[in-house]
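The values are calculated or read from the model by the stated rules, or taken from the named source; none is laboratory data. Since the structure is predicted, the reported quantities are computational estimates derived from the model, not experimental observations. Virtual Cβ from ideal backbone geometry, glycine too; neighbours counted across all protein chains shown.
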């Protein structure tokens, strides 16, 4: 693991469970035990029914690209050495959408609806970030 010089996520009491899961190689989300609403990013209240009974679930880590962009230049200074990089909205199989990087692929082959799977980037001893790679072998 090389030195990480980019901004780190703010780990709060609410988000700690999510990041602990990432550190263990698990993509976690919440589900409301009252109304069944899928909840992501971690929240204290269900946005659908305002219920407080949210339980953590483990995602299968698979989904599809909803939309994406590839940055080739003019990146923020902290990310300038990473260009080009791809940032995408991922529709995860369990019914939530999240933003993440697309890695381990030829960016010219990216497309909306492309199947992807989660991989975890251990950026510090305490933080692993979920990223996604194409799950079709010929797309990597």
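Some points to look at:
- Of 47, 115, 125, all but one fail to be closer than 25 Å to residue 13 by Cβ and touching a strand residue (DSSP E or B) at 6+ places or on another chain (Cβ under 9 Å); the exception is 47.
- Looking only at segment 9-43, and only at residues there that are more than 20 Å from residue 99 (Cα to Cα) and in contact (Cβ under 8 Å) with a residue 12 or more places away in the chain, the one that is surrounded by the most Cβ atoms within 10 Å (Cβ to Cβ): 32
- If you go through segment 4-44 and keep only what is over 21 Å from residue 130 (Cβ atoms) and out of contact with any strand residue (DSSP E or B) (no Cβ under 8 Å at 6 or more places or on another chain), you end up with 34, 35, 36.
- Of the strands (runs of 3 or more DSSP E) lying entirely inside segment 1-100, those carrying at least 3 residues that are within 12 Å of the chain's Cα centre (by Cα) are 62-71, 85-92.
- Whenever a residue of segment 59-88 is within 25 Å of residue 24 (Cβ to Cβ), its partners that are in a strand (DSSP E or B) and modelled with pLDDT under 95, lying with C-beta atoms within less than 9 angstrom and at least six residues away or across chains, give the pairs 87/71.
- Hits in segment 44-84 - residues which are loosely packed, with under 13 Cβ neighbours inside 10 Å, in contact with a helix residue (DSSP H, G or I) (Cβ under 8 Å, 6 or more places away or on another chain) and under 23 Å from residue 6 (Cβ atoms): 84
- Within segment 105-140, being surrounded by 14 or more Cβ atoms within 10 Å (Cβ to Cβ) and part of a loop (DSSP other than H, G, I, E, B) holds for 105, 110, 114, 123, 127, 135.
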